[in-house]
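Contents: one structure, followed by commentary.
The values are calculated or read from the model by the stated rules, or taken from the named source; none is laboratory data. Source: prediction; values computed, not measured. With ideal geometry, Cβ positions are generated from the backbone for all residues, glycine too; neighbour counts draw on all protein chains shown. These accessible areas exclude ligands, DNA and RNA; they are computed on the full protein's heavy atoms, side chains included. Shrake-Rupley method; radii C 1.70, N 1.55, O 1.52, S 1.80 Å.
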Amino acid sequence: LAAQNWEELESLKTLHNSELSSIQSEHEAELRRKDELHDTLLSACSGDLGEKLNIASDEINVLRSNAEVLIGKHDEAERQRLALQNDLKLSSEASARMSETHAKFVHDMESHH
């Protein structure tokens with residue numbers, strides 16, 4: 001009976017090792033499939049991301065170029081504003097001098113009469 005139990009135990013141990021080996025093989029195969037899928041997805045994403053990065057880079061360059069144009073227009077508008085402000089100041093000064101001259105002229109005319 002002990003010998004029979006020992007044989008069954010050895011048989012179960014062999015079966016267990018065989019199943020364990022089979023499970024381990026399946027697990028390793030599953031890990032390889034997972035790695036392959038991961039690599040496939042990674043390369044697909046990388047390609048897609050690379051393309052998206054190039055598009056984004058192009059868009060950034062267009063925006064930068066547009067910003068430079070707008071800055072140029074803003075600078076020109078600021079120069080024109082300062083020139084107009086100066087013209088207005090000169091015009092105002094000239095108008096004040098004309099008013100003084102006119103007032104003096106009127107005063108001189110009235111004093112001659």
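Brief remarks on what is shown
Here's the yes/no breakdown for (1) open to solvent by 80 Å² or more (accessible area, probe 1.4 Å); (2) within 60 Å of the chain's Cα centre (by Cα):
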residue: 80; (1), (2): yes, yes
residue: 95; (1), (2): no, yes
residue: 99; (1), (2): no, yes
residue: 113; (1), (2): yes, no
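- Inter-residue pairs, beta-carbon under 6 Å, first at pLDDT 95 or above and in region 67-80, second part of a helix (DSSP H, G or I) and open to solvent by less than 70 Å² (accessible area, probe 1.4 Å), 6+ apart: none
- Every condition in (1) more than 32 Å from the chain's Cα centre (by Cα); (2) open to solvent by less than 90 Å² (accessible area, probe 1.4 Å); (3) not acidic (Asp, Glu) is met by residue 27 except one, and the failing one is (2).
- Residue match in region 4-21 (condition: free of Cβ contacts under 8 Å to residues at least 24 places away in the same chain, surrounded by fewer than 10 Cβ atoms within 10 Å (Cβ to Cβ) and in a helix (DSSP H, G or I)): yes
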